[in-house]
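This report refers to the structure that appears directly beneath it.
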Amino acid sequence: MRSLTRRSLLCATASIIGRAQKLVPAAVAADHLLLGVSDLDLGIDWVRQRTGIRSATGGVHPGVGTRNALLSLGAGHYLEIIAPDPLQSAYNFQIDVRSLKEPRLISFAAATSDIESTAAIARRAGHKVFGPAAGSRVVASGKTLRWRTLGVLNNLGSGGIEPVPFFIQWDLDALHPSSSAPAGCELESLEFHHPHPSDLSAFLATLGIDGKVSEAGTARIIATLKTPRGRVELS
């Protein structure tokens, strides 16, 4: 898949979402993939062994109970390794990664340049949404990175995997993490396994996303990456 600039990615998502005749492939719509892990250092090493690149520590999510490390997957895309933050007493992240025995893709975020319009489109499709909600974290430079997210209520999650994305809009002055995270990998494809493939595919389509979904007993998100060590599959 040819890489897009962040601006062209956002424009494509904003212009195509809600137009059923033109759906955005999941790998193009994806802003970032979430790799859940019970220990951040373990997750960083796990990704390094497979890709040949060491992810950079990102920061903490105050009040959520998590911290992360990031790896660029090309312009407009990145991998977020997300783990519990041992310095926070409360854990409020919507997916519990604390008991994971090994890293796994647990969800992904889709990019939008107009989160209010995205919310309206989802509502018109008959979905309930939560948000937009503001988020932030302090990066290594000391600056605060800010964004807004939007969730779409659904019952398609299974086994701690949420295959329906949430949407993210970065502040205009925010440096997209794909520009600052360690480079060398590229997102080539994003596919799904699910017990009810037609339901998931149809739901994604109402959000403007073309998702290739195969039938399987459990839900999985499967990303194929081009890396210095060849093509690597994360799931």
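Readers should treat all values here as calculations from the given coordinates under stated rules, not as data from a laboratory. All figures in this text were calculated on a predicted structure; none of them were measured in a lab. We place every Cβ from the backbone using ideal geometry, glycine too, and count neighbours over all the protein chains shown.
Structural remarks
- With loop membership from DSSP and a limit of 15 other Cβ atoms within 10 Å, the longest segment of the chain without trypsin sites (Lys or Arg not before Pro) is 144-228.
- Using θ = phi - 60° and Karplus 6.51 cos²θ - 1.76 cosθ + 1.60, couplings along region 51-58 (whole Hz; Gly, Pro as x): 9, x, 10, 8, 5, 9, 4, x
- Around ASP173: net Lys/Arg minus Asp/Glu count, Cβ-Cβ under 12 Å: +1
- Equivalent-ellipsoid semi-axes for region 82-210 (Cα gyration tensor, √(5λ), whole Å, largest first): 25, 20, 16.
- Ratio Rg/Rh, restricted to the chain and using Cα atoms, in which Rh is the Kirkwood radius: 0.93
- Debye intensity ratio I(q)/I(0), log10, region 83-136, q values 0.13, 0.24, 0.26, 0.28 Å⁻¹ (C-alpha model): -0.53, -1.05, -1.12, -1.20
- In a fully extended conformation the segment linking ARG124 and SER99 would gain 5.3 nm over its present Cα-Cα distance, using 0.36 nm per residue.
- Values of log10 I(q)/I(0) for region 157-199 across q = 0.13, 0.30 Å⁻¹ run -0.53, -1.13, by the Debye formula with one identical scatterer at each alpha carbon and no solvent.
- Relative contact order, whole percent, for the chain stands at 24, derived from Cα pairs under 8 Å and 6 or more residues apart.
- Sequence of GLU80, GLU215 once ranked by neighbouring C-beta atoms within 10 Å, starting from the fewest: GLU215, GLU80
- Restricting attention to region 6-234, close to 75% of DSSP beta bridges with both partner residues there are antiparallel.
- Here the residues SER180, SER107, SER117, ranked from fewest to most Cβ neighbours within 10 Å of their Cβ, fall in the order SER117, SER180, SER107.
- Fraction of alpha-carbon pairs over 15 Å apart in region 190-232 - percent: 46
- One chain, two ends: LYS143 and GLU215. Fully extended at 0.36 nm per residue, the span grows by 21.5 nm beyond their Cα-Cα distance.
- Here TYR78, TYR91 are placed in order of increasing Cβ neighbour count within 10 Å, fewest first, which gives TYR91, TYR78.
- For region 94-133 and region 70-92, distance of Cα centres in Å: 15
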